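Notes follow once the structure below has been shown.
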Amino acid sequence: MRHTLAVLTENTPGVLTRVAGLFARRGFNIESLAVGVTEHPHISRMTVVVDGDDRVIEQVTKQLHKLINVIKITDISEDQAIERELVLIKVSAEPATRSEISEIVNIFRAKIVDVAPKTLVIEATGDEDKVEAIIQLLKPFGIREVVRTGKVAMVRGSKVVKIAEEAV
């Protein structure tokens, strides 16, 4: 089962390396990883997607808590969450196929962000299924390159993943 972990850390050099190293040392594969600063400039949030059963996730969580720069870990897998990923897709696009590619882009509410004589670059955002679907539909045209962010996720409603205000 895939688990999505929201990990709050100090925003200091080397934290990402320590977190990724922990996963590597334990033989756990990170399916997706996105990190950025939060509403507090000295705190970063990592969204880490890990494949494993509850025992594996419990083990990962315990090991993460041992890292000095980790402030809080929340498994948001069971929560209703908004999940998004960004993808840039460079696709071969001869003049004869551009209108068909453009139709696909419009259906997915994506954008063409670069036009060159023989290629287009498409930007799309959405959940993993949407990103996979647009990639599959563009494959017949000849995908030249794909760049994806990791998944970012936020719990719906009023529930938040943050530290106590006095700790900030």
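Here, each number is a calculation from the coordinates, and none is a lab measurement. Treat the numbers as computed from the prediction; the structure is a model and nothing was measured. Methodologically, a virtual Cβ is constructed for each residue, glycine included, from the backbone with ideal geometry; neighbour enumeration extends over all protein chains shown.
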How about the stretch 108-143: which trypsin sites (Lys or Arg not before Pro) there are in a DSSP loop, with at most 15 other Cβ atoms within 10 Å of their Cβ? 109, 118
Cα coordinate range in the stretch 112-168, projected on the principal axes (Å, largest first): 56, 21, 15
Calc'd 3J(HN,Hα), the stretch 83-98, phi into Karplus 6.51 cos²θ - 1.76 cosθ + 1.60 (θ = phi - 60°), Hz, glycine/Pro = x, comes to 10, 9, 9, 10, 9, 10, 10, 9, 10, 5, 8, 6, x, 5, 9, 4
Per 0.36 nm of contour for each residue apart, how much would the distance between residue 156 and residue 1 grow if the chain were fully extended, relative to their Cα-Cα spacing? 53.7 nm
Mind checking the angle between helix 15-26 and the chain's longest principal axis? C-alpha axes, 0 to 90 degrees, to the nearest 10. 90
Tilt relative to the chain, helix 128-138 - C-alpha long axis, 0 to 90 degrees, to 10: 20
Under the Debye formula (equal points on every Cα, no solvent term), log10 I(q)/I(0) of the chain at q = 0.15, 0.16, 0.18 Å⁻¹: -0.87, -0.94, -1.06
Fully extended, how many nm does the chain gain between residue 53 and residue 119 (0.36 nm per residue separation, minus their Cα-Cα distance)? 19.6 nm
Enumerate the calculated ³J(HN,Hα) couplings along the stretch 32-37 in order (Karplus 6.51 cos²θ - 1.76 cosθ + 1.60, θ = phi - 60°), each rounded to whole Hz, writing x wherever the residue is Gly or Pro. 7, 8, 9, 9, x, 5
Round to the nearest 10 and give me the degree value, 0 to 90, for the angle of helix 54-66's Cα axis relative to the longest principal axis of the chain. 70
If each part is reduced to its alpha-carbon centroid, the stretch 1-15 and the stretch 36-80 end up apart, in Å, by 5
